[in-house]
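Any read-out appearing in this document is the output of simple, stated calculations on the displayed coordinates, not a laboratory observation. All values derive from a computational prediction rather than experimental measurement. Neighbour counts are summed over all protein chains in view; Cβ atoms, including those assigned to glycine, are modelled from backbone coordinates with ideal geometry.
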């Protein structure tokens, strides 16, 4: 679809000598020498809370900017983009799943899913056919029963809500899908089922998956595991 | 922007109760603001409509507002009467086209009785120079005949042929009634929306006749009966005031000066328009105070909206984070809040307008019957649109406060969900 996939396996995420320090803090929160994630890779980033996971995610999504070093996502160096360019980059290229409470309670299931396409014309144009139809296709793939799709989102179970969130992260085929402990509120069976569906769909749409969790039991489901406390040289000072 | 507007709308629907309350607060303040404005302007125009085509009003020496109030609006009492000879002299003045004598002082069940003559029915004009018309009957001819204003007839259930007793002075109590001398209703006037509707009209001669035996101010002397009086020729000695129409407006000032400098009796001649203007001047302080109060109520309404928006921000941090994760920029979050405030204000104004017209529809007949002020359900004037535009702009501006806060919040929170 784009030039990236012609290349055998280019890096989609590349961090070089990245240091991040909060403005009012005297020590760095994050200090990563190098991190590289290749296209279509499914990466599991694990670590206990406080090891810098949230900070790393805020750098990857362009909410915060590295104090030093280079954060390269696709062909953009996020450290050199303005904040509104980073917002645009995120809208176009990143699908995001939160730990829980992903959905806007005042929108319907389908309205929640198509929301990213409202903020990114690129993701909208990646959808062939109608957005509603695409949303339903994704929900089919993620095994969300048709009967619950017309319900108010707050009446969905947490597992169902997370699948809606996954559909939202995948619509419009963003290059990168970031999931921040999306399964922590699910029981074990649901967890692996959710992750398998998410991976399957990420593969289908050609998205690189970055999955963050403190739960070591999920490790085995991923082809690559990054132990953040090892990677983050500032981690042990937390 | 369309996305934001639709999100703002759906988000508001999700918070129906608070949104409705906010809308009601704004609506009530708009009702008050517009209501005060309406009643203010309509009362003015109602007053201004009361007398039309009269160039000068002449009465005993007094301030022009006082003279205007008692002669035209039947508010308060005359300081002094004017001599019938003065009336005759000026009514025959070369520049005078017509003159209406007015004699006040008596009442009937709370309605003022006014003695006058045929020229009243012929020359008196109200509103935009409309003449008086009869719904039933005709002008009085005989001594004990009366013509009623429409309200008098309607309130007291009189019709042609009814007999009424007039009381001396304005308090209608037993011992002060001219009860041996009933008047027969011969005419009922069409509604005018002016004090005419609340007036009992009799001839000047009748006023003289019923006061035979009342010279001291109370019923002490002997009062003859109706038959005796019918044969007597009464000539009024005094009247309360007179209205004058001139052949040419150019002569207004000359005649006014002449009357004011009249040697035989201290008189005042006023121009109704000028006197009304002075009256507005006196009332402007009260008007401004009323307007200030309603402006403060609008401010209070908008502050209510501000507080509900600010309170909602804390619980909506998750919503903002989700939107940010979807690629919404802080400026989207900003405009989300501003559009919410705008929508709330707009709905408040709309509900307020509907409420205003509803209330005016209910209150207008009451106000008219109580105060004789006609409140018309007119369209919205350009000045009122301007007021509404101020309210709307103030609402939008107030939306900036939560918007700025949400903007900052979404910058610092980013996509972290704080619960």
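Details
- Helix A:158-170 and the longest principal axis of the C-alpha atoms of chain A enclose an angle of approximately 70°.
- In terms of the mean number of neighbouring beta-carbon atoms within 10 Å, the peptides A:111-118, B:276-283 order highest first as A:111-118, B:276-283.
- Protection proxy ranking of A:203-213, A:56-66 - average other beta-carbon atoms within 10 Å, highest first: A:56-66, A:203-213
- Scattering profile of region A:115-238 at q = 0.18, 0.20, 0.22, 0.23 Å⁻¹ [log10 I(q)/I(0), Debye over alpha-carbon scatterers]: -1.01, -1.17, -1.33, -1.41
- Measuring r between the beta carbons of residue B:408 and residue A:150 and using R0 = 45 Å, the FRET efficiency lands at 0.75.
- Per-residue packing, averaged as other Cβ atoms within 10 Å, sorts the ranges B:56-62, B:180-186 into the order B:56-62, B:180-186, beginning with the highest.
- Partner chain coverage, peptide A:117-130 - average Cβ within 10 angstrom: 2
- Pair residue A:214, residue B:125: separation of 7 Å Cα→Cβ label points (nm): 9.1
- The protein assembly as shown: Rg to Rh, with Rh as the Kirkwood radius over Cα pairs: 1.33
- Rounded, prolate or oblate (a/c below 1.5 giving rounded, otherwise prolate when a/b exceeds b/c) for region B:1-125 by Cα gyration tensor: prolate
- Sorting B:74, A:123 from the fewest to the most surrounding beta carbons within 10 angstrom yields B:74, A:123.
- Förster radius 25 Å - calculated FRET efficiency between residue A:70 and residue A:25 (Cβ-Cβ, nearest 0.05): 0.70
- Exposure proxy ranking for B:141, B:109, based on other Cβ atoms within 10 angstrom of each Cβ and starting from the fewest, stands as B:141, B:109.
- Region B:56-270 - convex hull of the alpha-carbon atoms, volume per residue in Å³: 120
- 14 Å cut-off, amide nitrogen to a point 7 angstrom out along residue B:350 Cα→Cβ, residues in region B:294-336: none
- Stokes-Einstein diffusion coefficient of chain B, Kirkwood radius over Cα pairs, 10 °C, 1.306 mPa s, in µm²/s: 62
- For the pair region A:135-176 and region A:73-133, the centres of their Cα atoms are 15 angstrom apart.
- Modelled spin-label separation between residue B:2 and residue B:17, with each label point placed 7 Å from Cα along the Cα-to-Cβ direction: 3.5 nm.
- Angle between chain B longest axis and helix B:330-371 axis [Cα atoms, degrees, rounded to 10]: 20
- The length gained on full extension between residue B:45 and residue B:249, counted as 0.36 nm times the residue separation minus their Cα-Cα distance, comes to 71.2 nm.
- Counting only other chain Cβ atoms within 10 Å of each residue's Cβ, the peptide A:162-170 averages 1.
- Across peptide B:317-325, the mean count of Cβ atoms from other chains lying within 10 Å of each residue's own Cβ comes to 6.
- Cα-based Kirkwood hydrodynamic radius, region A:3-237, one decimal, Å: 18.1
- Between 0 and 90 degrees, the angle of helix B:382-413 with respect to the longest Cα principal axis of chain B falls at about 20 degrees.
- Net length gained if the chain between residue B:94 and residue B:235 were fully extended (0.36 nm per residue, minus Cα distance): 48.4 nm
- Taking B:382, B:46, B:321 in turn, the Gaussian network model of chain B (Cα-Cα springs below 10 Å) assigns the largest fluctuation to B:382.
- Antiparallel bridge percentage (DSSP; both residues within the protein assembly as shown; nearest 5): 65
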